[in-house]
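The values are calculated or read from the model by the stated rules, or taken from the named source; none is laboratory data. Bear in mind that the values here come from a model prediction, so they are computed numbers and not experimental data. Note that each Cβ is placed from the backbone with ideal geometry, even for glycine, and that neighbours are counted across all protein chains shown.
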Amino acid sequence: MNKLFLILLLLPLISVAGGKPCSGKKSGISHCKGSQFICNDGSTSKSTKDCSSYITGNTTQKAVPVAASPEIIKPTSPPVFQEHSEINKISDNILKLDYSGFTVWLDCSQRGAIRYQYVAQHDNGSFKRYEKFSLDPKVPKECQQYSSKAYGLKYDRGHQVPANHMDYSAVAIKQTNYMTNILPQAANMNRGAWLQTEKITECYRDIAELLVIGGVIWGNNEADDYFVKSHGVRTPDAYWKVIVRGTGADERAIAWIVPNSKDATAKRLDQYLVSVDDIENTIGEKIPVADYAKHEKLTVSWQLPLGCNEG
């Protein structure tokens with residue numbers, strides 16, 4: 001990230017020197033940049049206090065524990081780089097696959113991922129995308145798709161966890177191309193609205209660490225289940241995603257349910273905004289987001305900061 005972008009991105013919007021750093025509409029403190037406070041809205045506070053000593057003095061908000069499902073909790077340690085997945089059986093059909101830097105929950109009865117989670121940290125990676133797709137050699141064949149070949153019929157091999165967000169590890173990039181992380185996505189959707197959510201993650205992870213959680217909504221539409229014979233997997237009707245930033249009283253979330261349709265272009269992304277409550281009601285599971293942050297449905301998706309490096 002160049003210096004000009006950082007300056008433009010972190011220009012203060014409103015501030016009061018000498019007061020509480022990042023108060024009011026700035027939504028609290030995100031992190032320090034030297035002695036300066038970087039706020040959760042991306043701006044730099046004009047506070048005259050020294051951020052490093054302020055943080056050390058334990059005067060900032062601490063994370064408030066939030067309710068989470070037994071299977072999904074917020075990570076507390078850096079990603080572990082391992083050549084193969086660590087497999088844990090959650091139920092008769094559900095396997096929890098811990099890869100390098102991300103986790104996928106696989107439904108053997110569907111032969112596909114139903115949920116995923118990862119932490120998007122500051123972009124300091126440069127490993128190139130791995131082009132080959134394959135089955136996970138450690139996962140039972142009866143839990144995976146029949147083939148790693150392209151779907152066709154204007155459907156992409158759509159990533160749940162994008163390779164670009166794992167570019168700090170050659171192992172992790174390779175693992176994102178396992179078919180346990182791949183499902184049929186309409187090409188327009190994969191390269192449109194879904195890609196836009198990935199760009200938002202890419203830009204905002206350089207401001208503060210993000211927790212990204214998502215999954216599928218299988219639905220009941222059999223008309224587009226083109227790949228049951230070739231791959232053994234149905235085509236999801238929609239995909240959902242939640243991005244969480246901040247901690248404690250400053251926690252914020254944005255959520256979408258994106259239809260798996262050729263009409264789901266990038267320009268229509270705001271039409272798919274929902275609250276976290278909406279997603280929980282749809283999937284019947286809890287998502288680890290602070291209760292007060294679950295109710296808000298945004299009207300506009302987070303805007304890409306000017307000059308953001310989306311690559």
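Taking residues in the stretch 188-201 that are touching a residue at least 40 places away in the same chain (Cβ under 8 Å), and partners anywhere that are surrounded by 21 or more Cβ atoms within 10 Å (Cβ to Cβ) and among the charged types (D, E, K, R), the pairs with Cβ atoms closer than 9 Å and at least 6 places apart or on different chains are Trp194/Lys241; Thr197/Lys241; Thr201/Lys241. Here Leu135 fulfils each of the conditions (1) at pLDDT 90 or above; (2) within 21 Å of the chain's Cα centre (by Cα); (3) of a type outside the set (Phe, Trp, Tyr) apart from (2). Can you name every residue in the stretch 153-167 that is more than 16 Å from the chain's Cα centre (by Cα) and touching a residue at least 40 places away in the same chain (Cβ under 8 Å)? Hits for the stretch 153-167 are Leu153, Lys154, Tyr155. In the stretch 84-125, the qualifying residues are those that are acidic (Asp, Glu) and either part of a strand (DSSP E or B) or not assigned by TED's automatic domain parsing to the domain that holds Ile243 (or both), and the one that is surrounded by the most Cβ atoms within 10 Å (Cβ to Cβ) is Asp107. Residues in the stretch 296-311 that are surrounded by fewer than 12 Cβ atoms within 10 Å (Cβ to Cβ) and under 15 Å from Ser275 (Cβ atoms): Thr299, Val300.
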